[in-house]
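See structure below.
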Amino acid sequence: MSEASFIDRLDRLADHGQRLDFWLRDDDVTEPTPALDRLIGLCNRHHVPVLLAAIPAGTGAPLAQRLAQEPLVRMAVHGWAHQNHAPPGEKKQELGPHRPTDTVADQLSEGVRHLSALFGPRLVPVLVPPWNRIAPQVATALPGIGFRALSVFGPEKPGPLPQINTYVDLIDWRGSRGGRPAEDLFADLNRRIDAVVAASSGSVGLLGHHLVHDAAAWDFLDRVLALAAAHPACRWPTFDQMMPATA
Ligand SMILES: [Zn+2]
């Protein structure tokens, strides 16, 4: 049902000559794995770019070598070590208010240096905070570290940096920790498409975590890319093409 109305929406947009930006972010990469090969293979098959949010502390030359010949891949800094510093009972945060802002900012700078050395110009100056959470005082420090955008989950909020967020999370984190039902995912996509059309701005960002994808998550990703990758209503820019222009 939701899938049929997803196709319907895209067809109607195309009839009106409208095109929306679609994109895929995938978090927590550090090293080459069969799951990463599967993700990259899927993106290559559908000619769809992917923004990989890499955990700098765990990332090294093997990942850089694996991705060196993958033109559809862009990289983002995903915190420093994806380590929780919030006390038990609080939502997990690495970039929260629990440590001095300078300490957190220094780690993020180190992350930028490290990933920049590994990935060069394919590192996009966007920060993807672990668990999609960042304290306001840390966000304020980001422009000074060289970041020009922030990418979390859900509605974009005003702040020191523009946000380019994901809206469709493939994984059911609080339940099965596997792929969410396709029906629900297509419903999320439809809601986001309607919001982008109504606002005449924004993009349709999908969020994956290749290391935990089960058959349902892989099937949905393959299905949505098969439907939307080559659809005339969909543009699939690389993430750097969506970045705000420098002043
Ligand atoms: Zn993460």
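Any read-out appearing in this document is the output of simple, stated calculations on the displayed coordinates, not a laboratory observation. What you are looking at is a predicted structure, and each value in this text was computed from that prediction instead of being measured. Neighbour counts are summed over all protein chains in view; Cβ atoms, including those assigned to glycine, are modelled from backbone coordinates with ideal geometry.
Tally Lys and Arg at +1 and Asp and Glu at -1 over the other residues with C-beta under 15 Å from the C-beta of Pro62: what net charge comes out?
Net charge around Pro62: -2.
Positive end of the charge dipole of region 154-209 (Lys, Arg +1 and Asp, Glu -1 on Cβ, about the Cα centre): tell me which of Ile164, Leu206, Val196 has its Cα farthest that way.
Ile164
Only counting other Cβ atoms within 10 Å, I'd like Thr238, Thr33 sorted with the fewest neighbours first.
Thr33, Thr238
Using a simple charge model, +1 on the beta-carbon of Lys and Arg, -1 on the beta-carbon of Asp and Glu, nothing else, what dipole does the chain show about its Cα centre, in debye to the nearest 20? Walk me through the numbers on the way to the answer.
Values: 23 positive and 27 negative charges, 77 e Å.
The calculated dipole for the chain is roughly 360 debye.
Less than 15 Å Cβ to Cβ from Ala195, Lys/Arg counted +1 and Asp/Glu -1: what total charge do the surrounding residues give?
Result for the neighbourhood of Ala195: 0.
Sort Met242, Met1 so the one with the fewest other Cβ atoms within 10 Å of its own Cβ comes first.
The fewest-first ordering by Cβ neighbours comes to Met1, Met242.
Count charges around Gly178 for me, please; just the other residues with Cβ under 10 Å from its Cβ, Lys/Arg as +1, Asp/Glu as -1.
Working: positive: Arg177, Arg180; negative: Asp172, Asp214.
Spelling it out: positives minus negatives among the neighbours equals 0.
Using alpha carbons only, how many degrees (0 to 90, rounded to 10) separate the axis of helix 2-15 from the longest principal axis of the chain?
Result, in degrees: 80.
Sort Ile7, Ile134, Ile145 so that the residue with the fewest other Cβ atoms within 10 Å of its own Cβ comes first and the one with the most comes last.
Ranking Ile7, Ile134, Ile145 by Cβ neighbours within 10 Å, fewest first, gives Ile7, Ile145, Ile134.
Along the positive direction of the dipole of the chain (beta-carbon charges: Lys, Arg +1; Asp, Glu -1; about the Cα centre), which of Ala61, Trp236, Leu108 reaches farthest?
Farthest towards the positive end: Leu108.
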